[in-house]
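Right, one structure below, let's go through it.
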Amino acid sequence: MSHPPFQPVARSFCFLGTRAFRNKQINTSLQLHPCSDGSAGPQPGCTCPLPSPLPSAGRIPGAAGRRRSAAGLRSGAPGRRGELRSSSSSSSSSVSCFSSFSSSSAAGRCGGSRGGSGPQRAPVPPPPPWTAAGAARSWEGMPQTLTSTSMFTPCSFSPHLHTAKEDEQGGLIFQDGNLTSASLDALIQHLIPTTDYYPEKAYIFTFLLSSRLFIEPHELLSRVCHKCIEQQRLDDPVLDKARIRKFGPKILQLLTEWTETFPYDFQEERMIGHLKDMIHRIAPCDEAYWKKMNQLLQTLNQKLATLSHGQEGIVKISAAVSDKLVAFKSKPPSIQREILSVCSDPYTLAQQLTHVELERLSHIGPEEFVQAFVHKDPLDGTKPCFSEQKKTSNLEAYVKWFNRLCYLVATEICMPAKKKQRAQVIEFFIDVARECFNIGNFNSLMAIISGMNMSPVSRLKKTWSKVKTAKFFILEHQMDPTGNFYNYRTALRGAAHRSLTAHSNREKIVIPFFSLLIKDIYFLNEGCANRLPNGHVNFEKFLELAKQVGEFITWKQVECPFEQDANIIHYLHTAPIFTEDGLYLASYESESPENQTEKDRWKSLRSTILGKT
């Protein structure tokens, strides 16, 4: 199967792009803060500011950009529909699609960039998944709310939160029509529907996402139910049925949105208990409420069962892989099948990688991005939220998948005994990475580039001399960490724009470089206080957090349009991979050490792994 030539986004720099880079040790840990000294947190006295919008895209500066243009890789040949590619007319015209969208990133705001080009270390433990907020309801008297897609876009947050006011209203502080801060009690009250009020969908998502930094979900739901009982007099011996019929659909809508957006919150029996208690109180006024409660609980149970099944599958795969980590035992070809014997078409492998990515993303809940960085609330002198468990297992599992793919790429390259075969594998993965870029799968793209730039692979000079590296340099361009990954962010905005205007799931795919997304959210969380000096919740910060998480939630809801190949998927999950020491030994066995340091390490590895002197 032939494929069109790779068309790079016009605005690109150079990612690891020179031979000099290949002589450097890849940084294998995720550095989460720009001013860190190797730890994952900020230095004392750090005052990283809020992010500012990224600059507009432009021409590639200097001779290096012109040389790359002359390489013939911008041929303008037609490609598959929906590919991320530049126009063939000129550099200035070809960036129009991307430069028209300016997005703010928390990492950009806090300044500085970290390469993070090797396998990543999870910032914290991860938890459960999230699914779409669902279709609009048509219950009688139910206000229509915005969809998640219309609220959270790559270039703006919902402008629909509030009408323009610049003062205090009911304990809520507004500035230029936007809610900026309030006490926790006022925010909880603003969440609660009444007979003639229902909160905006954007507010519901933002508050439910961020409130867990101050109060656990079961405590929040308990307070919401208690206030509803008080305000609607649900404890009265005789209920006002006319009032309840106006209030009932709205509280049911709120509970439905909560269960759809944050289903993992309802794994706790206390949450289900509060939900049932509230519906039991309003059900005597309308028999339809019983039916709606049963529908809500049935949908929730199905969703939790699906998510639980997916989590169990990931755990089983991880356990199987850990048992198969290969200790290098010479170089018998029977140690494992080669990737080329399983899949020889780069486009097919890129599609299957996209299957794996979207499947794993589907289990990550939006709350995990907040719970990953939970700290003790300064106004709560007892304990931090989620002290029993950091619910971030799915997030961690996804970072582990990235690491596995890095090592799988490096293992496949170092395994063959002949340099011609190794060069063939390298060129194959370059083509796979190119197809991942065109699909919009940036996470697999970065994992493949990182694997090829691991020191055991990059030191294979004789092998690399047989490789046509022009396309690889272009790919490195796209993921260049220079300017806080400016070039990658430009391509990501292009993919996000394509997704917004897409007519098929194929064009909707956007899989971001996940570790950088985690860094961005970490920067935002650490760079801005959760509370203001007066004790108010800094809601302006959480609007930006909801924007970033909301974009991700929109992207991960896309159904993979490619046909699944179970054989390739199984190989990606279970093929044995070398440890770091195994990779170095395989590398030294393929191409002899060049200096005394490498010779000493080779001798040590042969002694410890092979038991030879």
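The values are calculated or read from the model by the stated rules, or taken from the named source; none is laboratory data. What you see is a predicted model, and the numbers here were worked out from it, not measured in a lab. When we count neighbours, we look across all protein chains shown, and the Cβ atoms used for this are built from the backbone with ideal geometry, even at glycine. Note: accessible area is taken over every heavy atom of the protein model, side chains too, but ligands, DNA and RNA are not part of it. Shrake-Rupley method; radii C 1.70, N 1.55, O 1.52, S 1.80 Å.
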Task: Gained length - residue 176 relative to residue 470, 0.36 nm times residue gap less alpha-carbon distance - done: 100.8 nm
Open item on the list: Take residue 277 and residue 608, extend 7 Å from each Cα along the Cα→Cβ direction, and tell me the distance between the two endpoints in nm.
Closed with: 5.7
Open item on the list: Straight-line reach from residue 227: which aspartates and glutamates fall under 15 Å, measuring Cα to Cα and dropping same-chain residues less than 8 apart?
Closed with: 185, 219, 235, 236, 277
Open item on the list: Please enumerate, by chain and number, the aspartates and glutamates with C-alpha under 16 Å from the C-alpha of residue 603, excluding those fewer than 8 residues away in the same chain.
Closed with: 580, 581, 589, 591, 594
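Which loop chymotrypsin sites (Phe, Trp or Tyr not before Pro) in segment 165-225, with loop taken from DSSP, have no more than 16 other Cβ atoms within 10 angstrom of their Cβ?
Loop-located and lightly packed - 197.
Could you sort 225-236, 426-437 so that the peptide with the highest average Cβ count within 10 Å comes first and the rest follow in order?
Going from most to least packed, we get 426-437, 225-236.
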TODO: May I ask you to derive the FRET efficiency for residue 581 and residue 341 from their Cβ-Cβ distance with R0 = 22 Å, giving the value to the nearest 0.05?
DONE: 0.30
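Calculated FRET efficiency, residue 574 and residue 538, Cβ-Cβ r, R0 45 Å, to nearest 0.05?
Approximately 0.50, to the nearest 0.05.
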- [ ] Of the listed pairs 276/400; 519/547; 246/508; 420/556; 391/547; 201/391, which have alpha-carbon separations greater than 27 Å here?
- [x] 276/400; 246/508; 420/556
Open item on the list: Students often check this: by mean Cβ neighbours within 10 Å, which of 347-357, 444-454 ranks highest, and how do the rest follow?
Closed with: 444-454, 347-357
Task: FRET efficiency, residue 219 to residue 530 (Cβ-Cβ, R0 22 Å, nearest 0.05) - done: 0.85
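For segment 169-301, with every protein chain kept in place, what is the accessible area per residue (1.4 Å probe, Å²)?
Ligands and nucleic acids excluded, the result is 39 Å² per residue.
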Task: Convex hull volume per residue for segment 169-301, taking Cα atoms only, in Å³ - done: 104
Task: Ranked by how many other beta carbons lie within 10 Å on average, peptides 567-575, 261-269 from highest - done: 261-269, 567-575
TODO: Scan around residue 531 for amide H atoms under 5 Å from its own, H built in the peptide plane at 1.01 Å from N, and keep only partners 5 or more places away or cross-chain.
DONE: 538
